[in-house]
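Below: the structure, in structure tokens.
The values are calculated or read from the model by the stated rules, or taken from the named source; none is laboratory data. Since we're looking at a predicted model, the values are computed, not measured. Here the Cβ is made from the backbone with ideal geometry for all residues, glycine too, and neighbour counts use every protein chain on show. Areas reflect the complete protein model, heavy atoms only, side chains present, ligands, DNA and RNA absent. Shrake-Rupley method; radii C 1.70, N 1.55, O 1.52, S 1.80 Å.
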Amino acid sequence: MGSAGLSRLHGLFAVYKPPGLKWKHLRDTVELQLLKGLNAGKPPTPKQRVRFLLGPMEGSEEKELTLTATSVPSLVNHPLVCGPAFTHLKVGMGHRLDTQASGVLVLGVGHGCRLLTDMYDAHLTKDYTVRGLLGKATDDFCEDGRLVEKTTYDHVTREKLDRILAMIQGSHQKALVMYSNLDLKTQEAYEMAVRGLIRPMNKSPMLITGIRCLHFAPPEFLLEVQCMHETQKELRKLVHEIGLELKTTAVCSQVRRTRDGFFTLDSALLRTQWDLRNIQDAIQAAAPQVAAELEKSLGPQLDTKQLPSPGWSWESQGPSSTLGLERGAGH
């Protein structure tokens, strides 16, 4: 595969992180699988060099020895001599997920590491499904944490929960406008609101742009949360606070990210697909959407030279160590 495969490893792709797996271990696993794929190709034909070898002289009855010019392969660059051709591949990490959480995790390779920064600057929203359990409280808001309190929840209804969620969404939407530093009386603010592009100008606390109940069967309930600038711990704390508002307690039993910006579950690679060919195909498939969405969100702030155009093929780009891709120099 070698350099031909390396030229197609520039961009963003998404994987599905299972619960219980640390994001650092996931990144290292993906890097290892990519290096295996790059080094699995047939090594190039070794160059020939002329050496003078000692051998019997032709036509001599006395078996005299002489030096004869002979062409032999040069093994200087053979993998068994200098090691594998590719020893390091910089894989960038997008919005992280903690160990207990699962779902869509965006990674970048090569030029994609710069695009990850653009994703941060775009302040894109993310979707989560959050599962809660009424009737108990723990020290870390997780179901398997140290039990602090048990309460009754017979008085909790779907209507009461929906009312609390509506209040939460309304307060966060006001905060979103405040952190966006926009004057709502201007035409610019109106057009951005119509296109759903109102975003905070800088880093802000967790902002919830949408929240609703998908399933309610006490003691369990399932929420769909659309938010930005969140951590998974904050989402678990949100479940705890919802329980308090309902005059009971609640813990979080599951946090699952279903969308990160323009990457969804459908485009996320499963653990069995973390190999060179599948990742190359995922990068190629995502490139047009990455370019279009970042251009839409960032507009003139974005250096469009960094983005792949909708018809772009990374094969026109050769490998470069300045993009975080390095080849072994030998031992």
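Mind telling me which of the residues VAL130, VAL156 ends up being in the same structural domain as VAL255 (by the TED database), hydrophobic (A, V, I, L, M, F, W, C) and over 28 Å from the mean Cα position of the chain (by Cα)?
VAL156
Quick one: would you say GLU224 is in a strand (DSSP E or B), under 30 Å from LYS296 (Cα atoms) and open to solvent by 50 Å² or more (accessible area, probe 1.4 Å)?
So GLU224 fits the description; yes.
What are the residues in region 11-32 that are open to solvent by less than 60 Å² (accessible area, probe 1.4 Å) and more than 25 Å from GLN254 (Cβ to Cβ), if any?
Residues satisfying the conditions are GLY11, LEU12, GLU31.
For region 67-103: of the residues being buried (at least 18 other Cβ atoms within 10 Å of the Cβ) and under 28 Å from ASN39 (Cα atoms), which is modelled with the lowest pLDDT?
ALA85
Taking region 148-174, which residues are of a type in the set (Val, Ile, Thr) and either buried (at least 19 other Cβ atoms within 10 Å of the Cβ) or closer than 28 Å to HIS229 by Cβ (or both)?
Passing the criteria: VAL148, VAL156, ILE164, ILE168.
Given (1) in contact (Cβ under 8 Å) with a residue 60 or more places away in the chain; (2) open to solvent by less than 40 Å² (accessible area, probe 1.4 Å); (3) in a loop (DSSP other than H, G, I, E, B), identify the lone condition not met by ILE198.
It fails just one condition, (1).
Check off (1) under 40 Å from the mean Cα position of the chain (by Cα); (2) more than 30 Å from ASP266 (Cβ to Cβ) for GLU64 and give me the number that stays unchecked.
Against the list (1) under 40 Å from the mean Cα position of the chain (by Cα); (2) more than 30 Å from ASP266 (Cβ to Cβ), GLU64 comes up short only on (1).
Using the structure shown, decide if LEU161 is assigned by the TED database to the domain that holds PRO18 and modelled with pLDDT of 95 or more.
On the way: assigned by the TED database to the domain that holds PRO18: no; modelled with pLDDT of 95 or more: yes.
No, not satisfied.
Looking at (1) open to solvent by less than 10 Å² (accessible area, probe 1.4 Å); (2) among the small types (Gly, Ala, Ser); (3) touching a Ser or Thr at 6+ places or on another chain (Cβ under 6 Å), which is the one condition that is false for GLY145?
Against the list (1) open to solvent by less than 10 Å² (accessible area, probe 1.4 Å); (2) among the small types (Gly, Ala, Ser); (3) touching a Ser or Thr at 6+ places or on another chain (Cβ under 6 Å), GLY145 comes up short only on (1).
In region 250-265, what count of residues is obtained for those that are within 15 Å of THR99 (Cβ to Cβ), open to solvent by 40 Å² or more (accessible area, probe 1.4 Å) and either β-branched (Val, Ile, Thr) or under 17 Å from the mean Cα position of the chain (by Cα) (or both)?
Here the count works out to 1.
Take the residues in region 114-142 that are in contact (Cβ under 8 Å) with a residue 24 or more places away in the chain and more than 27 Å from THR209 (Cβ to Cβ), then tell me which one is most open to solvent (accessible area, probe 1.4 Å).
Only one residue fits best here, namely LYS136.
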